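Only one structure is covered here, and it is reproduced in the block below.
The values are calculated or read from the model by the stated rules, or taken from the named source; none is laboratory data. Bear in mind that the values here come from a model prediction, so they are computed numbers and not experimental data. Note that each Cβ is placed from the backbone with ideal geometry, even for glycine, and that neighbours are counted across all protein chains shown. Note: accessible area is taken over every heavy atom of the protein model, side chains too, but ligands, DNA and RNA are not part of it. Shrake-Rupley method; radii C 1.70, N 1.55, O 1.52, S 1.80 Å.
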Amino acid sequence: MSSHGGTPRRAALATWPTPLEPAPRLARALGLGADDLWIKREDLTGLGGGGNKVRKLEWICGAALAEGATTLVTTGAAQSNHARLTAAAGQRLGLDVVLVLAGAAGDSASGNLVLDGLFGARVVWAGDVSGSGLAAAARGVAERLRERGAVPALIPLGGSSPLGAYGYAECGRELLGQAPDLDTVVVALGSGGTMAGLVDTLGPGKVLGVDCGAVPDPAGTVTGLVTALSGTVHTPESLRLRRDQVGAGYSTLTEESMDALTLAGRTEGIALDPVYTGRALAGLRAAVRDGSVAPGRRTVLLHSGGLPGLFGHGDAVARCQEALTVLPLHE
Ligand SMILES: *Cc1c(COP(=O)(O)O)cnc(C)c1O
């Protein structure tokens with residue numbers, strides 16, 4: 001890894017490999033053959049409610065421990081899955097955790113924030129800030145911690161450093177072992193590290209990223225991370241990237257995502273989240289419709305987690321409550 005050098009160290013946080021499960025009922029509902037679609041269960045990573053950030057945090061925390069860190073500091077939205085899993089990782093490894101979150105106390109108290117509290121994280125509310133404002137707030141918090149004698153390790157948004165992406169380069173190798181005939185893996189694109197790691201191992205032709213609207217330049221973010229990870233240069237145009245699922249913005253619920261949540265729930269009994277994995281499945285659905293994902297080939301939907309975020313999303317919670325069919329006790 002050009003920016004870090006040497007072989008990265010791993011802090012064990014989960015049990016690997018994650019399962020690769022068939023999804024025949026969902027496959028048929030999408031218009032694929034029953035054996036065409038499999039789900040890579042990166043939601044089943046065990047630690048702290050699970051999700052894709054665990055793989056990244058194994059390498060990020062491995063480096064933090066090697067550098068003598070005492071405190072993990074990271075940032076995100078109030079409903080950040082990454083912040084929640086950083087809080088859990090800190091507890092597992094005996095490190096303090098400070099989360100610098102966008103918004104204000106009382107904006108939201110459910111979903112991921114319930115678990116942040118359970119895992120003993122300390123939260124700093126950064127107010128209504130942009131991405132760069134949030135990063136600056138986190139640097140300030142880390143500086144204050146250092147002045148008080150802590151050794152902070154500052155983890156970027158979504159854990160999408162080159163080291164974090166390295167975790168998903170490893171996932172790509174694991175996936176090839178489970179599905180050597182892989183044609184396309186479909187993944188939600190947030191801060192970019194997950195797609196970057198997969199592209200580094202599998203090449204840009206096998207990874208379909210569905211942008212969730214978390215960063216202004218998703219293609220450039222992904223190619224930049226790949227280059228920082230391995231030195232490999234891909235043009236942004238060489239990526240398979242869909243930007244048709246962003247809707248009104250990152251945290252908003254789109255009809256396509258809500259439909260995808262319902263579809264996965266009612267074909268496979270699998271819960272997706274409104275912000276990331278719902279968009280990933282909606283993007284896959286659109287890709288089957290326009291022919292960029294075809295029947296007769298092995299497609300994998302990467303389930304990157306996010307279930308606590310479903311409970312923290314007011315609009316999605318309301319829609320699920322409306323969908324509950326209530327029968328009378330006596331007819
Ligand atoms: C963070 C996240 C993603 C996106 O991963 P990135 O590496 O940030 O692009 C996808 N799904 C869930 C549930 C996430 O929490």
* **Karplus 3J(HN,Hα) series, Hz, for region 315-331 with 6.51 cos²θ - 1.76 cosθ + 1.60 (x for Gly, Pro)** => 5, 5, 4, 4, 5, 5, 5, 4, 7, 6, 8, 10, 9, x, 5, 10, 9
* For region 53-159, what is the convex hull (Cα atoms) projected area averaged across all directions, in square nanometres? -> 5.9
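Taking the convex hull of the Cα atoms, report for region 198-331 its projected area averaged over all directions, in nm².
10.4
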* To do: Quick one: order 75, 221 from most to least accessible surface, probe 1.4 Å.
  => 221, 75
* **By average C-beta atoms within 10 angstrom, highest first, the peptides 317-329, 109-121, 290-302, 163-175** => 163-175, 109-121, 290-302, 317-329
* Structure fact -> Hull volume per residue for the chain, using the convex hull of the C-alpha atoms, in Å³ is 139
* Tell me, in nm to one decimal, what length is gained between residue 67 and residue 10 on full extension, where the rule is 0.36 nm per residue of separation less the Cα-Cα distance? -> 19.2 nm
* Of the DSSP beta bridges with both residues in region 53-159, give the percent that are antiparallel, rounding to the nearest 5. => 5
* Asked: Between residue 147 and residue 297, what length comes free when the chain is fully extended (0.36 nm per residue of separation minus the Cα-Cα distance, one decimal in nm)?
  -> 48.4 nm
* To do: Return the lysines within reach of residue 206: Cα separation strictly under 16 angstrom, same-chain partners fewer than 8 residues apart disregarded; answer none if there are no such residues.
  => 40
* **Solvent-accessible area, 1.4 Å probe, carbon plus sulfur percent, for region 110-251** => 55
* **84, 240, reordered so the largest accessible area comes first (probe 1.4 Å)** => 240, 84
* Full-extension gain in nm, residue 35 to residue 139, via 0.36 nm per residue minus C-alpha separation -> 32.6 nm
* Asked: Pick from 181, 43, 200: which is most flexible by mean-square fluctuation in a GNM of the chain where alpha carbon atoms under 10 Å apart are linked?
  -> 181
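Taking all pairs of different Cα atoms in region 145-255, averaging 1/r and flipping that mean, what Kirkwood radius in angstroms comes out?
About 14.7 Å, per the Kirkwood formula over Cα pairs.
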* Asked: Gaussian network model of the chain, Cα springs within a sub-10 Å range: biggest mean-square fluctuation belongs to which of 207, 215, 129?
  -> 129
